[in-house]
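What follows is a short report on a single structure.
The values are calculated or read from the model by the stated rules, or taken from the named source; none is laboratory data. This is a predicted model, so every value here is computed, not measured. Glycine also receives a Cβ, built like all others from the backbone with ideal geometry; neighbour counts cover every protein chain displayed.
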Amino acid sequence: MSSEEEWSTSIKVGEAIVDLLSGRIYRTLPIALKELVSNAWDAGAKNVQIFIHEDKKQIAIIDDGKGMTRPGLENYVNIAITSKSNETKTQEGRPVIGIYGIGVLSTLPFCKKVTVQTTVKDSDEINFISISSEKWIDEEGHRKPPTPKELTVECPGRTEADDRLKDEQGTTILLEDIFSAEWDLILEPANPRKKDYMGLSGLARIKWFLQQYAPIEYHPEAHPYVDFFRPPTEYEPMNLYYNGEKLFRNAIKGAEKLETEDKISIAGGNVVFRYLIVSPKHSVEPEDLRGLQIRMKNVAIGLPTHFDIYTRSPKLYGRMRYIGGEIEIIKGFENQLSLDRENIITCPEWIEFSEFFRTRLEKQANSLQDLAEAEADVGALAVSSGVPSQKTDYGFLSKKAVRGSTKNKRALSAKSKNELITNLKKSVEKVGYSVQETPIKETPISVDHEKKIVYVSTEKKNEISIIRLQQCSIFEVEGTVEKENIAELLDDKSIAFNYSHPLFKVSKDKKTIKELISIVYHLHYQNRLTDEGLKAFNNILLETYKDDEYGDSHNY
C-alpha cells in the first residue's frame with residue numbers, strides 16, 4: 001500500500017542569517033557541499049555519494065545516515081530558531097562536527113531551489129521538503145533589497161507512505177537550477193598555467209576541495225600520512241564518493257617524513273594536538289598543499305597555513321614551498337571557530353599555538369636549506385669531474401629544487417678541485433654525512449643515504465673543469481708540456497698547462513687565459529682550426545699580455 005500527503009511549513013530566517021547566507025558564509029560551492037557531508041557524518045552515514053548532473057544543472061548528495069522524521073526535517077531547515085545538540089559524540093562514537101545548525105541552507109546562495117528527501121529505518125514514510133532562494137537571494141547569490149528583518153519562507157512538503165520503505169534510511173539533498181555564474185565555474189576547463197587548485201577544471205576543483213576538507217581518511221598507500229594518522233578504531237570511517245569515484249584525503253606525492261609529535265599540550269593544557277611535517281624534497285604542487293593543514297574533528301579548518309613565517313625571514317618563506325603536513329587538534333579552540341569553520345579567531349592560545357609552529361617550520365626550512373647546499377656542492381664536484389649537470393641528482397633534494405645550472409655555476413667558479421672538495425665536506429657534514437675517498441673509476445661521485453656517506457673517486461682527484469662547452473667539459477690535468485709551449489690538449493676533454501711559460505708570468509687573469517686556450521685548442525683538436533690558425537692565436541694571445549722583458553722570441 002502507498003499513500004501521499006501534501007503539507008507545508010514555514011521557516012523563519014533572521015536578518016543576521018540572511019546577511020551571512022547572501023554574503024556566502026560558505027564562500028564557494030565545494031565548501032558548502034562539505035557542510036552537507038559533515039551533516040551526513042553527524043547522522044552516522046557510512047556512505048555519502050555526490051553526483052553532478054551536467055545535463056540538468058543539478059547536484060545530488062545522497063547518504064545512508066539515520067535520516068529524519070517529518071518533525072526532524074522541519075527542525076533541520078529552521079536555522080534561525082534551532083540549534084545543534086550539545087552532544088560531543090554521535091551514537092556511532094564519532095566526534096560531532098556541526099555546532100551551528102546552518103545545514104542545508106548553506107547551499108541556497110548557489111541555486112534556485114533545494115529539495116530534501118529523507119526516511120528513517122523501520123518507517124514506511126519518506127518526507128520531502130523544498131526551499132526556494134528567490135525571496136531573498138538573486139541569481140548572483142546576493143541579497144535582494146529591501147528585505148524585512150526576519151523572513152518567513154513557506155516551504156511545500158509532502159509525505160509518501162509505502163511498506164517497502166521500512167528497510168530504507170538516509171537523506172538525499174538535491175540542488176536544483178544551479179545559478180549560471182556558478183554553473184559556468186563547474187564546467188570551466190583546466191588551466192595548466194596555474195599552479196594552484198584554480199588550474200584544475202571546475203569538476204576537478206570540487207573533487208579536490210572535498211578531498212581536502214571532508215571527514216574522510218587517507219589512501220592506504222599514502223605514506224607517511226597513513227602511518228601517523230591511522231584510520232580510527234573507536235568508530236567506523238565514512239566513505240565519500242564523487243560521481244562514483246571513492247575519495248581519499250589529499251596527500252603530497254612522494255612526501256617524506258620530516259618531523260612528528262604524537263601529543264603536544266600548550267596553554268596550560270587547554271590546547272592539545274599532534275602533527276606531521278613532510279616534504280617531497282621539491283616544490284609542492286598544487287601550491288595549496290604547501291604549509292600545515294589544521295583539522296578539528298576530522299574536518300579541515302581553512303587551507304594549509306605557514307603561520308605567517310615570512311615575518312621572520314623572506315628566505316624562510318621561500319623554503320616553505322617544499323613543506324607540507326597536517327595538525328590534528330585534539331582539544332581546544334572549539335569556541336574560537338569562525339562560523340564558516342575556515343579560521344580560528346585570534347586568542348592567547350592561538351598566538352602560542354602559532355608561535356610553536358613558526359619555530360618548527362623555521363627549523364625544517366633551515367634543514368632543507370642545508371640539504372640544498374649539500375646537493376649543490378656534491379653536484380658541483382661531479383660536474384667538475386665530467387658528469388653532465390643534468391645527471392647530477394644525488395637525492396639530498398630533487399633536481400627540481402636544486403637546478404643543474406646551479407651546480408654547473410659552482411663548478412666553474414671554483415679555483416681548484418680541492419676547493420670543491422672542501423666545500424662538499426662542510427656542507428654534507430652539516431647534514432650528518434661523511435666523505436670517503438674510493439678508487440672506484442666508474443663514477444666520480446656516489447651517495448649512500450642509508451649509511452650517510454658520500455664517496456669521492458680518487459681517479460680524477462686533481463682534475464678541475466676549465467670550461468663547459470656545448471657537448472663536453474674540458475678538465476685541467478697534471479701533465480708534461482714542452483717548455484716552449486703554452487699548453488697541450490691530451491685528448492678532447494683533458495688539457496695540461498705550462499705554468500713556466502712567460503704568458504702565465506705576465507698575466508694576472510689566468511682564469512680567462514685558460515678558458516680561451518681551452519676553447520681554441522679544442523677547436524684545433526677537432527680539426528676546426530688549422531695549425532697556422534693555432535700559431536696565430538698563440539702570437540695574438542702573447543702580444544695581448546706581453547711584457548717588454550719577453551718580446552716575441554719564443555716559439556709557440
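Which one of these does SER494 not meet: (1) among the small types (Gly, Ala, Ser); (2) at pLDDT 85 or above; (3) within 25 Å of SER384 (Cβ to Cβ)?
If we test SER494 against (1) among the small types (Gly, Ala, Ser); (2) at pLDDT 85 or above; (3) within 25 Å of SER384 (Cβ to Cβ), just (2) comes out false.
Kindly check whether there is at least one residue in segment 175-185 that is closer than 30 Å to SER133 by Cβ, aliphatic (A, V, I, L, M), part of a loop (DSSP other than H, G, I, E, B) and at pLDDT 95 or above.
The answer is no; no qualifying residue exists.
Can you pull out the residues in segment 373-396 that are at pLDDT 85 or above and assigned to a loop (DSSP other than H, G, I, E, B)?
Listed by number, the residues that qualify are THR392, ASP393, TYR394, GLY395, PHE396.
Condition check ((1) closer than 28 Å to LEU292 by Cβ; (2) modelled with pLDDT of 95 or more) across all residues:
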{"position": "ILE173", "(1), (2)": "no, yes"}
{"position": "MET198", "(1), (2)": "yes, no"}
{"position": "ALA204", "(1), (2)": "yes, yes"}
{"position": "ILE216", "(1), (2)": "yes, yes"}
{"position": "PRO220", "(1), (2)": "yes, yes"}
{"position": "ARG230", "(1), (2)": "yes, no"}
{"position": "MET238", "(1), (2)": "yes, yes"}
{"position": "ASN243", "(1), (2)": "no, yes"}
{"position": "LYS263", "(1), (2)": "yes, no"}
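Within segment 271-287, is there a residue that is part of a strand (DSSP E or B), more than 25 Å from ASN343 (Cβ to Cβ) and assigned by TED's automatic domain parsing to the domain that holds GLU352?
Yes, that holds for at least one residue.
Within segment 121-171, track down each residue that is among the hydrophobic types (A, V, I, L, M, F, W, C) and modelled with pLDDT of 85 or more.
Scanning segment 121-171 gives ILE126, PHE128, ILE129, ILE131, CYS155, ALA161.
For segment 238-258, enumerate the residues that are closer than 25 Å to ALA365 by Cβ, touching a helix residue (DSSP H, G or I) at 6+ places or on another chain (Cβ under 9 Å) and surrounded by fewer than 16 Cβ atoms within 10 Å (Cβ to Cβ).
LYS257
Could you check segment 430-486 and list, in sequence order, the residues that are of a type in the set (Asp, Glu), modelled with pLDDT of 75 or more and surrounded by fewer than 14 Cβ atoms within 10 Å (Cβ to Cβ)?
GLU437, ASP448, GLU450, GLU482, GLU484
Within the group GLU287, GLU259, which residue is more than 19 Å from PHE357 (Cα to Cα), touching a residue at least 40 places away in the same chain (Cβ under 8 Å) and acidic (Asp, Glu)?
So the residue among GLU287, GLU259 that is more than 19 Å from PHE357 (Cα to Cα), touching a residue at least 40 places away in the same chain (Cβ under 8 Å) and acidic (Asp, Glu) is GLU287.
Quick check on segment 212-222. Is at least one of its residues in contact with a Pro (Cβ under 6 Å, 6 or more places away or on another chain) and either surrounded by 13 or more Cβ atoms within 10 Å (Cβ to Cβ) or under 30 Å from PHE128 (Cα atoms) (or both)?
yes
Residues that are surrounded by fewer than 21 Cβ atoms within 10 Å (Cβ to Cβ), of a type in the set (Lys, Arg), at pLDDT 90 or above and under 19 Å from ASN298 (Cβ atoms): does segment 103-120 have at least one?
no
Can you find, within segment 300-324, the residue that is nearest to PHE229 (Cα to Cα) among those that are touching a residue at least 60 places away in the same chain (Cβ under 8 Å) and in contact with a Gly (Cβ under 8 Å, 6 or more places away or on another chain)?
GLY324
Of all residues being acidic (Asp, Glu) and modelled with pLDDT of 95 or more in segment 338-366, which is nearest to LYS297 (Cα to Cα)? Just the residue, please.
Of everything passing the filter in segment 338-366, GLU349 is nearest to LYS297 (Cα to Cα).
What number of residues in segment 413-425 are of a type outside the set (A, V, I, L, M, F, W, C), touching a residue at least 24 places away in the same chain (Cβ under 8 Å) and assigned to a helix (DSSP H, G or I)?
Here the count works out to 2.
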